[in-house]
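Just below is one structure, and these are the notes that go with it.
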Amino acid sequence: MRSMRFALILVLLATPAWAEAPPLSPRPAPRAEIPADRPLAPTPAAAITDQARLDRWLDGYRARARDAGIDAATLNATLPGLRYLPEVIRLDRNQSEFTKTIWDYLDTAVSDLRVRNGRAAMARYAEALARIEDRHGVPAEIVTAIWGVESSYGAYRGNVPTLAALATLAADSRRGAFFEEQLTEALRIVQLREVAPAAMLGSWAGAMGHTQFLPTSWRDHAQDFDGDGRRNLWGTDPRDALESTAAYLRANGWTPGQPWGVEVILPDGFEYRLTGERVEKTAAEWAALGVTRPGGGALPDAGPISIRVPAGHEGAAFATYGNFRALESYNTADAYVIGVGHLADRLAGGPPLVGGWPRQDRALSFDERIAMQEGLRAAGFDPLKIDAKIGPDTLDAIQRWQTREGLVPDGYVDVELLSRLLGG
């Protein structure tokens, strides 16, 4: 899902009025919250079928959980009380309906309120964030930005019972094996007495706590910052979650001292076939092609650089470094990474983006992206997969088609361009 040129994003379905809306996007277990006023229980007629199906699945799962090391006491204390959550399945089935353009996403992810609240949060936890940065090499503003995007600095950590959500998804979803592993690891957290089952709340797809960790991420990367013997991502104190996030990023390739990316200005006549993650050049090589920072400064010489134009040649452009990929390990959408990176820059005192956006455009729907890929294939520019994801192969196909058509080969498709591709 890298290089998503439409930077499409899951829309938050409901947010309390007192909290910033945390912008969400695809990740191994995409997230959205169930509104507090929407019942989690099915209708009585559906309850018999759905709950009975879940109970049968849990009967079979019990032996697999025991084989994975979950003891009988934990299973007896948790599994019988798990309820089927039909709203979770509805959300899982309909993720593709909810999309945003990158500019709409950034309007929320890096709003003035988000920046103000983030600076206040950084000041409040300055000592802890400094220690975390010293231990893991991840800047305080990056960790804080993830916290802000994932849960509005802890204001909205999720209200869905994690065990019930994961059991529902494991028994009745398109990715049952994935969610069964998450359920097993969530039960292991309970078995270790890190959190009581009733307090294990999060998103509909199992992400938990201040920085929305999946159970397997907790297993592999959670940290006990305060030394109380627990790795607590669920409580009001965010410090364990903040260090866990830094540990996660460092384990997934974060390079200390390297930027995630910087905004750039591309010269007139720039060759847009050079954009995308597959083309890397040094700072000096890009400079020779006329790429500069806003105001004319040079790019940081901090490793191989790619140029990304998530909204095509009419939108802002970014020079991205290896740490862009480290942030992608947290969430693979370009919009998410740019949102976190730019929010971090703003928290550190940086300016707003200079480049504009084609705000007259709208995001393509799931079906339109499928039609676009099918149209490319029919035109002789095979994207290799028909999956509605604008990854490197689809990007390359779009650019080759644009070149043939005499268009700017920036890999961006709006509704008008889609109509042309499909012969409309």
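Report the Stokes-Einstein translational diffusion coefficient (µm² s⁻¹, integer) for the chain, Rh taken as the Kirkwood radius over Cα pairs, at 25 °C with viscosity 0.890 mPa s. Could you put the intermediate results ahead of the total?
On the way: Rh = 22.7 Å.
D, rounded to a whole number, is 108 µm²/s.
At full extension, E374 and R273 could sit 34.2 nm farther apart than now, given 0.36 nm per residue minus the alpha carbon distance.
Given a 1.4 Å probe and every protein chain left where it sits, what share in percent of the accessible area of the chain is carbon and sulfur? Please report the intermediate quantities before stating the final value.
Numbers: 8590 of 16850 Å².
Result for the chain: 51 percent of the exposed heavy-atom area is carbon or sulfur.
Put a dot 7 Å past the Cα of R362, heading toward its Cβ, do the same for E127, and the two dots end up 5.3 nm apart. Take the Cα of R175, step 7 Å along the line toward its Cβ, and report every residue of the stretch 212-247 whose backbone nitrogen sits under 19 Å from that point. Residues 212-221 qualify, since their backbone N sits under 19 Å from the label point. Site pair Q191 and R93 shows an inter-label distance of 3.3 nm when each label is modelled 7 Å from Cα along Cα→Cβ.
Could you compute Rg(Cα) / (2.2 N^0.38 Å) for the stretch 206-326, with N its residue count?
Values: Rg = 18.8 Å, N = 121, 2.2 N^0.38 = 13.6 Å.
Normalised by 2.2 N^0.38 Å, the Cα Rg of the stretch 206-326 equals 1.38.
A simple charge model with +1 on the Cβ of Lys and Arg, -1 on the Cβ of Asp and Glu and nothing else charged puts the dipole of the stretch 237-360 at about 60 debye relative to its Cα centre. Each residue of the stretch 255-260 is assigned a 3J(HN,Hα), and the resulting list reads 9, x, x, 9, x, 6 Hz, derived from the Karplus form 6.51 cos²θ - 1.76 cosθ + 1.60 (θ = phi - 60°), x at Gly and Pro. Largest first, the three principal axis extents of the alpha carbons in the stretch 73-166 are 44, 40, 21 Å in whole numbers. Packing, taken as the mean count of other beta carbons within 10 Å per residue, orders the peptides 333-339, 378-384, 406-412 from highest to lowest as 333-339, 406-412, 378-384.
Stretching the chain fully between A155 and A77 yields a gain of 25.1 nm (0.36 nm per residue, less the alpha carbon separation).
Surface analysis of the chain yields an accessible area of 40 Å² per residue, using protein heavy atoms and a 1.4 Å probe.
Annotation: amide H of V264 within the under-5 Å range of A317, F318, A319, sequence separation 5 or more or interchain, hydrogens built in the peptide plane.
How long is the gain from L422 to A199 if the chain were fully straight, where each residue apart is worth 0.36 nm and the alpha carbon distance is subtracted?
Working: separation 223, 0.36 × 223 = 80.28 nm, distance 5.11 nm.
Extending this stretch completely gives an extra 75.2 nm.
The values are calculated or read from the model by the stated rules, or taken from the named source; none is laboratory data. The shown structure was predicted, so the numbers you read here are calculated from the model rather than taken from an experiment. Neighbour counts are summed over all protein chains in view; Cβ atoms, including those assigned to glycine, are modelled from backbone coordinates with ideal geometry. Ligands, DNA and RNA are stripped out before the accessible areas are found, and what is left, the full protein with its side chains, is counted by its heavy atoms. Shrake-Rupley method; radii C 1.70, N 1.55, O 1.52, S 1.80 Å.
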